[in-house]
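The next block holds one structure in the form of structure tokens; read it before the comments.
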Amino acid sequence: MEKQLRQSQKLEAIGTLAGGIAHDFNNLLTIIIGNAQLALMNVIKDESLRKQMGEIKKAGNKAASLTRQLLAFSRRQIIKPQVLDLNEEIKEMEKMLKRTIGEDIEFQTILGHELWKVYADSGQINHVIINMVVNARDAISACADSEAGRPQGGKLTVKTANAYLDENYFSDRGIKEMPGPYVMLAVSDTGIGMDKEIREHIFEPFFTTKDVDKGTGLGLSTVYGIVKQNKGFIWVYSEPGQGSTFSVYLPKMNVDTEPEEKEQTFVDELCGSETVLIVEDDEGLLKLVQNVLQGCGYRVLSAENGEKALRVGKEHEGQIDLMITDVVMPKMGGREAADRLQPLYPQMKVLYMSGYTDNAIVHHGVLESGLNFLEKPFTPECLARKVREVLDKEQRK
């Protein structure tokens, strides 16, 4: 129990650190990506400069993707289910996975043709893939260590396929699931394998066959939880000395196509003339949001924390239509400031934004039903669209 407690505390400390770093990164990335997009909109004739700004924006987007992976590791990511193509998720992660397993292990992907879509959170799916691949890598390494004279290396395969599973499939395996169409994601290795006793415990929290300092025993239990949360199941086949295959099955999403992402541009429908109060303790991000909304025609008030927001609200003459506020700030958080300003402006709508996506946000109530939330990093177009959406949605009530 003492060893398990130490493992839990170690993981929690790492997760807290990762979540805090990701919060600061998200603030910086919002500024970088946002200003790059604004510059692209203003640079029309200079093609060379446009190309350079485009590269800055592209690098910012890649950094944002890395930050999402950091948040997935710390399990502090807001869960946002969406229509996903698992083949595309694997292709985007392939380079990182190859670096993770090392050059001595042969890495292969077998991606199913015309793979069905699934409805799941991208960060969670990436977390599942990373955990299963790392687990397979360690099994291959353990196999080499256990057999004297055996060379390092092995083979690791990631495979996807469409599968229709009937009642017989589930009854033969003694599990209770819904028959129907599923998308399979399988990770196979030529590693040390497992006997029946180990297989029965692999998804239990803190269970690990690794040395105390080399494993937390939470990787596969996290995978199991994510898969079940997404209404799927996981099946394991393994024999000692014969390697292992972990097969994840996620329900098919009932859509045939996914809308293509288009280059984001501002249009007249995103503009407005309402008064907006912005509350943000990061000066660079505050200026970015001001510039975006002023460019859209809004009248903008600003404050660097909740206490200053109260003073601005009390001194302002006229209506405040929308308050955009960070959640966690020094002196006074965004939720408290909004609650205290609401009696002065009963018609004021509130849009919360944050780079934190952990329990701190839940504690501040931002994830409660009916509250509007914008996750950092965001683009100027995304900000303008969300502002318009919140104002219009409330007005139609």
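All of the numbers you see were taken from the coordinates with simple rules; none came from a lab. Since we're looking at a predicted model, the values are computed, not measured. Note: ideal-geometry Cβ built from the backbone for every residue, glycine included; neighbour counts use all protein chains shown.
What the table shows:
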| quantity | calculated |
| --- | --- |
| Built amide H within the under 5 Å cut-off of A120, gap 5+ | Q82, L84 |
| M41 versus E239: modelled label distance in nm, points set 7 Å from Cα along the beta carbon direction | 6.3 |
| Residues whose placed amide H lies under 5 Å from that of E274, excluding near-sequence neighbours | R299 |
| Listed residue pairs exceeding 30 Å between alpha carbons, taken from K91/K155; K95/K117; K58/K252; K196/K231; K80/K349; K57/K159 | K58/K252; K57/K159 |
